[in-house]
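K.L.:
The structure follows.
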């Protein structure tokens, strides 16, 4: 027998062929004259059969010797079972001290998928990060932080992009009020030298593809991209050309170009002049609302909130902050020029950090009495802030929250500022209760909820008492304490 024969694969191929024939081990035993325990060992990769027996097995199972000797698993399930068995023989797995797991038919496929994926992740995690890759990551975060600082200094207002967007709208025949129609969008594309075509079967990794030779911007058909999304995608693409962007290998410049193209899209869909006029009318009656800006220009709530940050300080002398977080309060995007202190990592970044549970970004998920909107005041150590949080569910991403806030002394200019909700997020409220921690630190073992993928990065817990990545242990301890008290009642 060849030294290259993989007994685990051979066993799985025999089992696969037997099950496909509808035979039991007892049936096969009668056909080839070998006892059931031996055949069971063979299917589990524990024994090496003679070539003559492999021929007998092939004949009994209506297949060929060559098929049984192929060196690949016969199906995905078999591949998973093989990987689990090999993993458990690895010294790194053995060192975990876990009992042997037999991947029997009782274990569902998705369970094996999780185990295999986590095993591969464990192996990959042991691989050192190349110095060059680490350096690139540090440069990328540094560039992101520098650009955020610049945006804060200029109050998130890009005058040159506003001018370019206004010129393009004028050339496209925009009336000066209301949403940008599909006709205007087509004319604007033509002004930039392009035409738009909707097509089927776009690559899943691309939202749009631009043919620069024939000047065509391809986007998914209406079944794959909604009208509001399509407008944003087209304009973000056109923004690169309208703003004369060029190819770059510099991450800082790439990031700047992306921010500028997104800004261009927002400046076209919610043009500066009518947006300022609309907000000024609302400000006059102390009724500023991002929700209204969203409806008037038919844009997403996130874009409306972004657009407000562009115009608020420049035209209304209103400082503000913007946050996009997930359900657990982990920051995805952040901007502020109003002095609020976002959670910050050691390299001065905000992305991946978790806001305190008292903030509106987290309180909104449990709020009642409003439709997707939650307004509150939040008292911090350095100031008090008013904010409104919107739960975004109409998206191809996991639902997330969009928060727009401002210092409390200008809150009266906003709708919802009459709310009685007030949360205290000073350091003494944020700090864990030492008694609670002492009671539960050695008795709680939470498992982090999955993100969109089992390997999605989990936010680190900054508290020294938390050994569980992705877990807010204070919430866990409070839950356990409530459960214990309820059992005593």
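The values are calculated or read from the model by the stated rules, or taken from the named source; none is laboratory data. Keep in mind it's a predicted model, so treat the numbers as computed, not measured. In this analysis, Cβ positions are derived from the backbone assuming ideal geometry, glycine residues included, and neighbour counts consider all displayed protein chains.
K.L.:
So residue 186 clears everything in (1) touching a residue at least 24 places away in the same chain (Cβ under 8 Å); (2) touching a strand residue (DSSP E or B) at 6+ places or on another chain (Cβ under 7 Å); (3) in a helix (DSSP H, G or I) except one condition, right? Which one?
P.N.:
Answer for residue 186: the failing condition is (1).
K.L.:
Only one of these conditions is not met by residue 358: (1) buried (at least 18 other Cβ atoms within 10 Å of the Cβ); (2) free of Cβ contacts under 8 Å to residues at least 60 places away in the same chain; (3) more than 21 Å from residue 313 (Cα to Cα); (4) in contact with a helix residue (DSSP H, G or I) (Cβ under 7 Å, 6 or more places away or on another chain). Which number is it?
P.N.:
Residue 358 satisfies all of (1) buried (at least 18 other Cβ atoms within 10 Å of the Cβ); (2) free of Cβ contacts under 8 Å to residues at least 60 places away in the same chain; (3) more than 21 Å from residue 313 (Cα to Cα); (4) in contact with a helix residue (DSSP H, G or I) (Cβ under 7 Å, 6 or more places away or on another chain) except (2).
K.L.:
Hey, another quick one. Could you pull out every one of the helices (runs of 4 or more DSSP H) wholly within the stretch 15-128 that has 3 or more residues that are under 34 Å from the mean Cα position of the chain (by Cα) and either over 20 Å from residue 5 (Cα atoms) or in contact (Cβ under 8 Å) with a residue 12 or more places away in the chain (or both)?
P.N.:
In the stretch 15-128, 76-89, 91-94, 109-126 are the helices (runs of 4 or more DSSP H) which contain 3 or more residues that are under 34 Å from the mean Cα position of the chain (by Cα) and either over 20 Å from residue 5 (Cα atoms) or in contact (Cβ under 8 Å) with a residue 12 or more places away in the chain (or both).
K.L.:
Taking the stretch 319-355 only, how many residues are outside any loop (DSSP other than H, G, I, E, B) and free of Cβ contacts under 8 Å to residues at least 40 places away in the same chain?
P.N.:
Number satisfying all stated conditions: 2.
K.L.:
Taking only the stretch 195-218 into account, find how many residues are at pLDDT below 80 and more than 16 Å from residue 185 (Cβ to Cβ).
P.N.:
The qualifying residues number 7.
K.L.:
Of all residues in the stretch 160-183, which are assigned to a loop (DSSP other than H, G, I, E, B) and without any contact (Cβ under 8 Å) to a residue 12 or more places away in the chain?
P.N.:
Listed by number, the residues that qualify are 175, 181.
K.L.:
Might you let me know whether the stretch 219-231 holds any residue that is more than 22 Å from the chain's Cα centre (by Cα), over 15 Å from residue 164 (Cβ atoms), at pLDDT 90 or above and part of a loop (DSSP other than H, G, I, E, B)?
P.N.:
no
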